[in-house]
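Data first, discussion second: the structure below is written as structure tokens.
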Amino acid sequence: MGESGNTKAIILDSRTYRESDVLLSVFTLDFGRLNLVVRGAKKSSSKMIGHLEPLTRAKLMIIKGRGFDYVGGALGENSFQGIREDLNKLFYAGKIVALFSKLIKEKEKDERLFLLLNHYLELIDQELNFNKDQGELFFLKFSLSFLSEIGYKPEMGACLRCHKRLEKGLNYFDLQAGGVVCGKCAKIKINNFNGEDKEEKLSTANQSSLLTISNNCVIIVRYLLDLDNKLKIRVSKKVIKEASDLIKKFVLYIN
Ligand SMILES: [Zn+2]
């Protein structure tokens, strides 16, 4: 970026900075993630900050500063009013933005990520009957699309170790390797002194990173990984919970 630049941005977070300024964390279409100061935002005369609430898409004029760059002008494009007026929507949109902020690097331009985040905010904003179950599904699908986009697409088709198509039964998800491992491969034989098989144990090297995964969970994650699939599906709360926990642990592992 030169002395100044115009771009679209989604406001991720906002906090007070110095006495009367605000520090924004934004994801811009042209420059990736940036921290920007809004000078004098806390003064009652400041009109700009109204366009810069978290969960807003705005056009920004960014001016190069000595420390932080700052916002020279802002024009709100979409304040996602439907999200603001619904606590469920606000909760899940907040979760999406939090996950995004957690894993996104600074100053790396990525138009596809901008469009992905914007797409999900628009989807949630416009959804008519948004309930908690749907929120979980939206969040899961966003998480999987987002992880795929940043290079962490979970392998759900074939066992990562023997490369055979995963069959129904006792299977695992390897958090470290980022994909499924079949029951056979997850176990190693522990030999006794006579060389006979004594017992089968989960491979100790990977024990801490292996989670059991149910057949239904494998199916739903595969379904959600396919971008063309719709979210109008019925899934039991139990399976959604299992898939959400799995993604949560996976994110902790890669973060
Ligand atoms: Zn295997």
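The values are calculated or read from the model by the stated rules, or taken from the named source; none is laboratory data. Predicted model only: the values in this text are computed from it and were never measured. Don't worry about glycine lacking a Cβ; one is built from the backbone with ideal geometry, like all the others, and counts go over all protein chains shown. Protein only, heavy atoms only, side chains kept; ligands, DNA and RNA dropped before computing areas. Shrake-Rupley method; radii C 1.70, N 1.55, O 1.52, S 1.80 Å.
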Write down the accessible area per residue of the range 4-78 in Å², having rolled a 1.4 Å probe over the full set of protein chains.
50
Which value in nm describes the separation of the simple spin-label points at Met61 and Ser4, placed 7 Å from the Cα toward the beta carbon?
0.4
Direction-averaged shadow area of the convex hull around the Cα atoms of the range 107-157, nm²?
4.5
Could you check the simple spin-label distance between Arg84 and Ser101, using points 7 Å along Cα→Cβ, in nm with one decimal?
1.8
Whole-number percent relative contact order across the chain, with pairs defined as alpha carbons under 8 Å at least 6 apart
13
Among rounded, prolate and oblate, which fits the range 35-113 when a ≥ b ≥ c are the square roots of the eigenvalues of its C-alpha gyration tensor, a/c under 1.5 means rounded, and a/b larger than b/c means prolate?
oblate
Can you tell me which of Glu53, Glu122, Glu85 moves the most in a GNM of the chain? Springs connect C-alpha atoms under 10 Å apart.
Glu85
Measure off, as a whole percent, the carbon and sulfur share of the 1.4 Å-probe accessible area of the chain, all protein chains present.
49
Relative contact order as a percentage, the range 4-78, C-alpha pairs under 8 Å and 6+ apart, gives 32
If you look for lysine pairs in the range 4-78 that are eight or more places apart or on different chains, how many of them have Cα atoms under 19 Å apart?
4
Taking R0 as 22 Å, what FRET efficiency do you get between Asn216 and Lys132 from their Cβ-Cβ distance, rounded to the nearest 0.05?
0.65
Mind giving me the nanometre distance, one decimal, between the label points for Lys47 and Tyr223, set 7 Å out from Cα along Cα→Cβ?
5.0
Between Glu149 and Lys241, what's the calculated FRET efficiency when r is the beta-carbon distance and R0 is 25 Å? Round to 0.05.
0.55
